[in-house]
Amino acid sequence: MGGPGPRRAGTSRERLVVTGRAGWMGMGRGAGRSALGFWPTLAFLLCSFPAATSPCKILKCNSEFWSATSGSHAPASDDTPEFCAALRSYALCTRRTARTCRGDLAYHSAVHGIEDLMSQHNCSKDGPTSQPRLHTLPPAGDSQERSDSPEICHYEKSFHKHSATPNYTHCGLFGDPHLRTFTDRFQTCKVQGAWPLIDNNYLNVQVTNTPVLPGSAATATSKLTIIFKNFQECVDQKVYQAEMDELPAAFVDGSKNGGDKHGANSLKITEKVSGQHVEIQAKYIGTTIVVRQVGRYLTFAVRMPEEVVNAVEDWDSQGLYLCLRGCPLNQQIDFQAFHTNTEGTGARRLAAASPAPTAPETFPYETAVAKCKEKLPVEDLYYQACVFDLLTTGDVNFTLAAYYALEDVKMLHSNKDKLHLYERTRDLPGRAAAGLPLAPQPLLGALILLLALLPVFC
């Protein structure tokens, strides 16, 4: 069968290195003598999956330094003053965000790295600084995927040589949070903290869910990290990260495509609505990802070929792959039962018996229904999820989250007869007997995702 098969991305020669010229995270063939070593990279990866969101802006500092010291803006090897100016700007940026970055591993890694580089280049702490530069846009002729890029970097072209049209699947996460798996199971989950949505040979997706209100079981997605693993001559490893009030239109290194390889434009980020809607096209694996910020929180939707979905090396370890296996049984909430019990009685009177606590300022049931009907006239699971979220959070933006989640299904799902779902999916208690863990710890999920990246270092 054509197209990418189950293989581990990366080779022993492709390494993540930390260098003074490319910022803390960059692709290279071996680490140079000026590299700071393995520990800052490990720290960077660990900090990508905290249990709660943070206002720390260290990623912005990293990107600005990368912009000032890479590509056409890279100082010459003997241009120490310019490089020192970039380091001083980097240090200034870290000092400005220091108060909000206490305990952040990436922040402390950057601070120590700056000190090391300034020592190596004999830079003084006092002196001129450089202004952060934006990456210049590529020429118009390069904005499209190169016609001579390798065929393997276009999944459908490669696939069609050996088979019929690939079968595409969809997974989405939105609201408080509601999960639609690749097999069209629909679940409402608690899953507070960091959890992996996707974990296969080509990419990892991790979400962090935090309480909507203090003391409430209602959670929503406050952080999203996507790692595209390097793949043959198509793309370098790239990391995309979004947080509340920060939906960037670039990878964390400031780039918007797959790097310097021949088929780099087979991975591209497009900003559809500034600060609200980003789309990532990964043509080399036939995948489209939509990330939105609706109100304060994030939504996620993906269209992916079945072959890529199932490209995992160890099926026994995939109990943490929520888009494939769904939420653990003891993390699921029966929101339809909540909806039935609440109908006609009001949310406040059932707060003690409901599976999710009612927020202090929630909508009356009738108001919640009316608001959801405006955007979701079909009384399917998206409509019911909308009502549930308004009753448990009191945040009217969750109406839009359900609406856009359904719009993404319409755009991404290959089976138009399955756009609307009416019966939620709840796993039977026997699920544990099949060897799937009931409640994986969020930290364990983060560590497993990190371990998936370790071959890149070898």
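The values are calculated or read from the model by the stated rules, or taken from the named source; none is laboratory data. In this text, all values refer to a predicted model and were calculated from it rather than measured experimentally. In this analysis, Cβ positions are derived from the backbone assuming ideal geometry, glycine residues included, and neighbour counts consider all displayed protein chains. To get the accessible areas, we keep the full protein, side chains included, count just its heavy atoms, and leave off ligands, DNA and RNA. Shrake-Rupley method; radii C 1.70, N 1.55, O 1.52, S 1.80 Å.
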Roughly how much of Arg88 is accessible, in Å² to the nearest 10, using a 1.4 Å probe? 20 Å²
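By the scheme Lys and Arg +1, Asp and Glu -1, what is the net charge of all other residues having a beta-carbon under 12 Å from that of Glu246? Walk me through the numbers on the way to the answer.
Working: positive: Lys57, Lys60, Lys223, Arg296; negative: Glu243, Asp245.
With Lys, Arg at +1 and Asp, Glu at -1, the neighbours total +2.
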Sort Asp260, Asp236 from largest to smallest accessible area, using a 1.4 Å probe on the heavy atoms of the protein chains. Asp260, Asp236
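Under the 0.36 nm per residue contour assumption, what length would be gained going from the current alpha-carbon distance of Lys157 and Lys416 to full extension? Intermediate results must be reported in sequence, preceding the final value.
On the way: separation 259, 0.36 × 259 = 93.24 nm, distance 2.36 nm.
Fully extending the segment from Lys157 to Lys416 adds 90.9 nm.
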Reachable lysines, given that their alpha-carbon falls under 19 Å from the alpha-carbon of Lys229 and they are not under 8 places away in the same chain: Lys238, Lys256, Lys261, Lys268, Lys283
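When each pair of different Cα atoms in region 149-325 is counted once in the 1/r mean, what is the Kirkwood radius in angstroms, to one decimal? Spell out each step's value before the answer.
Numbers: mean 1/r = 0.0601 Å⁻¹.
Here the Kirkwood hydrodynamic radius works out to 16.6 Å.
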Could you check the simple spin-label distance between Glu374 and Val396, using points 7 Å along Cα→Cβ, in nm with one decimal? 0.6 nm
Mean Cβ neighbour count within 10 Å, used as a protection proxy, ranking 97-110, 366-379, 202-215 highest first: 202-215, 97-110, 366-379
